[in-house]
Every structure is written in C-alpha cells, then in structure tokens.
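Asker: Below is a structure I'd like to ask you about.
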Amino acid sequence: MNQFLLCLSGSFQTGKHSVLILTFCFAFLLQSCQQLPSSTFGSLSPTTNVMIERPEFLIWTALELEQRNAQLGRTIRVDGSSRETLADYVTPNGSHRFRYIRRDRGGLPEQHDNIEDYVYVKSGAGTIIVGGQMLGRTGDLGTEIIGGTRYVLGAGDVIRIPAGIPHAYLPEEGGHITYVLVRLPAYRGVVVENPDGDAPELDPPGFGLWSASELAQRNEVIIERMRTDFSSRETLADYGAGGNSHRLRFIRRDRDGVPELHQDIIDVVFIQSGNGTVHFGGEMIGQSNVPGARIDDGTQISVAAGDVLHIPARMPHAYLTAGNDHISYVLVRMPAFFE
C-alpha cells in the first residue's frame, strides 16, 4: 500500500507521464489484492458473509469458529441474529449449504419443505421448538408456532430437523446460541426398514437430538467394542436407504485409519474429542477401506475437538491419531452434488 501511495504522489509530479504512471499504480494495486491469501482450509481470521462455491476439503477449526462467533456478535441484525455462509454448492433448492448462525434473541419460526437441517451447536444455550403448526407463513418463515415440543440445547449438541417441520430457536435470556447449520436435500426414497442403529424416538417423528453429554458417554462405552483395526463405530440414525447418505455415525479411532474414498458421498465431520491428523487429496493406492491401501502425496492437517470438516466426494482421506491419543467424531453423510 505504501508503494501505491508513493506511485500516486509521483504521478501528480510528472506532468505528461501521469496517466502512464497512474495506470501502472492501479495495476500494481490490483495485483496485490489478487495475491491476498485465501486458504482452501478456511480463513483463520473471523470474516462474515464469505461464500466458497464448489468447495474442496475445508476445515473450520474450533478457534476459527470462536473468532467468527465474536465477529457475528458485533453484527447482530434487528431480528436478533447474525449469520454467514461458510460454503455453498449453489444448488437449485438451496441444499448443500453450510451456514454459521448466532442468535441473541428468539427468531421467527422456520419451515423448509425440501431441506433437512443438521445442526452442531458451538456455543451458548437455549431451547428449540419443533413440530406443531406454523402460522403466518410467508416463504420459509412464519410468525409463531402453535403447539410443538421444546428441547434444551447446549454446546456440543447435534440435532436433525426433518423437512417440513416447523422450528424456532430461543436463546437463554441475556445469552446467545451459535451453531453450524448443514442443509441436506430432503430424502424422498424408501427409508431403510432395519437400520443398524436406532434413531431417537422423539416428537415430532424424525427429529433427532444427541446431546454433548450423551456423545461423551458413547465415547467411553464404544471403547468396549473396539475392532482389530483399533476403531469402533455405531450408527446414530439412518434416515436414508441404509448405509448411504442421510446417515449419522459416531466413530472413535485409537490408531491410524485405513484410507477411504466415497464416489457419491460428502462427509461432514464434527470432531468430538481427542486430536490427530487428516490426510487428504493425492492418489488412492489400493481399494477404499481395505487394509494395505495408502494415499500417495496429498496434504495433512491437524484436527482437534470442536473442528468441523467438509470432505468432498471422490477425495481420498484417512484419519491419523496423535501418539497415544484418540479421535472421535460424528459423521454426517451427505449425498454428493455434481453439475
């Protein structure tokens, strides 16, 4: 910038060469702006209203999300909320969108006929009202909910809101609630009859809530079912055809995992505990999820509790533990979107 100001000052002193020098200076400024760093892994400084289209591998660290939450707190709108788009595939129905939302006051109720909401609460506490009847509907918003069921929410909770279900968030008085929102397209096929995990039986049907305390308990119990590859897993709920998209899993790894690659699935990962590394990109050598497979080249990045990951379809990836530590996470399987 100092170089630009010097150029600008000089341009007024050179008379007949001012136009040429001004042109050079503006070109220099444009080039400098284009060279500002933009990380594939998400910015480490809090920034609002940032959208990354056609995302590749992305990580939003716990620290970054904390910084973003503070920034959102300084840009609260008249409705008591502030929000930003973290990434967006720009689909026709608005699915495959990642948003970060903070609410300092209760907002208007919502109802999305073609979208399922998967939510990871990052900070604060409050209540969510789900079900009932939404009055005064205009588009996806309404004026109030009659009836419905209330559930308490806190940091670390994961919830699933089915398509077509009215819902509203109510932060605690004088507090806030901030969450990562992942929008999946509503599943329209035949749901698996005998899933390998029982979804919560809550009201309304299809609503799912896994509290931070429940996930911590699962993390301890799941150790008893550790497999020979030093991993353990369970299906939290399967809202799709079974073993494919619209599935939530809880996974713990005490050793490095075998590389994976999913042709038609996007992995959305909420790291619950521990720390380690994710190896992604490069070339998969061998078959996905088969011992002996490996990833050539690629990139490694550290992950820890509170981080959120987006792993696109057709990208090799593997979870690597750190020393004697472990890594546990909730996995949301999103159907891939290709133009």
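The values are calculated or read from the model by the stated rules, or taken from the named source; none is laboratory data. Note that this is a predicted model, so its numbers are computed, not measured. All Cβ positions, glycine included, derive from the backbone under ideal geometry; neighbour counts span all protein chains shown.
Asker: Which pairs have Cβ atoms under 7 Å, sit 6 or more apart or on different chains, and link a residue in segment 316-339 that is surrounded by fewer than 17 Cβ atoms within 10 Å (Cβ to Cβ) to one that is among the aliphatic types (A, V, I, L, M)?
Answerer: Matching pairs, first to second residue: Ala336/Ile265; Ala336/Ile266; Ala336/Ala313.
Asker: Looking only at strands (runs of 3 or more DSSP E) that fall completely inside segment 78-180, which ones have 1 or more residues that are within 19 Å of Pro205 (Cα to Cα) and not assigned by TED's automatic domain parsing to the domain that holds Glu214?
Answerer: 115-130, 133-135, 144-146, 149-154, 158-161, 167-171
Asker: Continuing with the same structure: Within segment 290-301, identify whether any single residue is in the same structural domain as Gln217 (by TED's automatic domain parsing), surrounded by 21 or more Cβ atoms within 10 Å (Cβ to Cβ) and not in a strand (DSSP E or B), and answer yes or no.
Answerer: Looking for residues that are in the same structural domain as Gln217 (by TED's automatic domain parsing), surrounded by 21 or more Cβ atoms within 10 Å (Cβ to Cβ) and not in a strand (DSSP E or B), one finds none in segment 290-301, hence no.
Asker: Considering each of Val158, Val192 in turn, give the residue that is within 19 Å of Phe250 (Cα to Cα), surrounded by 15 or more Cβ atoms within 10 Å (Cβ to Cβ) and more than 21 Å from the chain's Cα centre (by Cα).
Answerer: Working: Val158 fails: more than 21 Å from the chain's Cα centre (by Cα).
Only one candidate passes the filter, namely Val192.
Asker: From Ser232, Ser245, grab the single residue that is under 18 Å from the mean Cα position of the chain (by Cα) and either not assigned by TED's automatic domain parsing to the domain that holds Val180 or not in a loop (DSSP other than H, G, I, E, B) (or both).
Answerer: Ser245
Asker: Looking at segment 167-186, which of its residues are touching an Asp or Glu at 6+ places or on another chain (Cβ under 7 Å), of a type outside the set (A, V, I, L, M) and more than 18 Å from Ile76 (Cα to Cα)?
Answerer: Within segment 167-186, His167, Arg183 meet the criteria.
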